[in-house]
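Quick note: the coordinates plus some simple rules give every number you see, no bench work behind them. Everything quoted here is computed from the prediction, not taken from an experiment. FYI the Cβ positions are ideal-geometry reconstructions off the backbone, even for glycines, and counts take in every protein chain you see.
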Ligand code: 5GP
Ligand code: MG
Ligand code: MG
């Protein structure tokens, strides 16, 4: 029978609930300062960014509006190709808007690089990026990420919106999977 204890599926905890919440509060304070006196639209990339969007939005003191996009990156296997298809577009007209893209994790950075260019082509006043987690490979792509929660090692992680086969998104912490889960 399949285990119902999610903790039994994890090898170790990388960032605890408390560490994540403290860091989100710090990022929110920075964003409040940087966008003072301006209207900000935060754009969450489904589905992984659901947790960070919800926590970041509640930690911000400024007025923000929220919208969502879903994209799928063409490519073989686990390699992101940088060729992106929009599955769900924004409802918001971006003309003259200050936009902050909110992501769960940046690995190759190819999807995000495409997304930033795409949003900029819609007449935005500015487009910046906030990610909860960033892996070392992201450094290979010249993409400026203004707000980074945590730089993490090159390991596959789950929790806090991040999935393995759609599971573990609901964890309030981030950890690595035990080998028995994927072997
Ligand atoms: P990339 O930056 O390579 O274009 O794609 C990033 C996307 O790959 C993330 O939004 C996420 O969906 C997925 N991804 C990258 N690294 C991880 C990881 O360690 N764990 C999980 N669950 N997803 C990851
Ligand atoms: Mg994502
Ligand atoms: Mg996934």
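Some values worked out for this structure:
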| item | result |
| --- | --- |
| Nearest-ten-degree value, helix 17-34 long axis tilted from longest Cα axis of the chain | 10 degrees |
| Simple spin-label estimate for residue 142 and residue 117 in nanometres, 7 Å along Cα-Cβ | 1.2 nm |
| Computed over the range 1-144: relative contact order in percent, which uses C-alpha pairs under 8 Å that are six or more apart | 21 percent |
| For the chain, calculated [θ]222 nm from helices alone, where every DSSP H run of n ≥ 4 adds -39500 (n - 2.57) | -7000 deg cm²/dmol |
| Gap separating the Cα centres of the range 128-146 and the range 27-58, nearest whole Å | 16 Å |
